[in-house]
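Student: Below is the structure I would like to discuss, written out as structure tokens.
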Amino acid sequence: MGKWDEYQDFSTNAKPHGGANAYLDFLNNNAKEEGRIEGGIIGAVATLVAGGIVCGGVWTFGKVKEYVKKRKQKKQFADDVRQEFLDNVEQHERSEDTESSEN
């Protein structure tokens, strides 16, 4: 049965109960109910997605921050090791120079 036939059938049967406008009111109220349900579902999904994005962003930021901190420490450690190596080479050369001058 098409919508028009359904409307006419309902309006004929509904005349004692408010006429054709009763069916239109019924359809309007039904559409509002479906709209509220769909709107609620869309809102819930949007909230979950936004929450996931925020949590993912915070987690990613923490990981990147940790990586940068470790990388900075590695660079600092490498610089310290390099400087210590150069100091040891200089000290060794000085000790060789003093040993060779003593001989």
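Only the coordinates and a few stated rules stand behind these numbers; no lab work does. Computed from a predicted structure; not experimentally measured. For neighbour counting, all protein chains shown are included, and Cβ atoms are generated from backbone atoms with ideal geometry for every residue, glycine included.
Student: Count the net charge of all other residues whose Cβ sits under 13 Å from the Cβ of residue 87, scoring Lys and Arg as +1 and Asp and Glu as -1. Provide the component values of the computation, followed by the final result.
Tutor: Values: positive: 82, 94; negative: 79, 80, 84, 90, 93.
For residues surrounding residue 87, the net value is -3.
Student: I've got another one for you. At a Cα cut-off below 20 Å, give the aspartates and glutamates reachable from residue 75, other chains included and same-chain residues fewer than 8 away excluded.
Tutor: 66, 84, 87
Student: Among the lysines, which fall within straight-line cross-link reach of residue 32, defined as a Cα-Cα distance under 21 Å, with same-chain neighbours fewer than 8 residues apart omitted?
Tutor: Leaving aside lysines fewer than 8 places away in the same chain, those within reach of residue 32 are 3.
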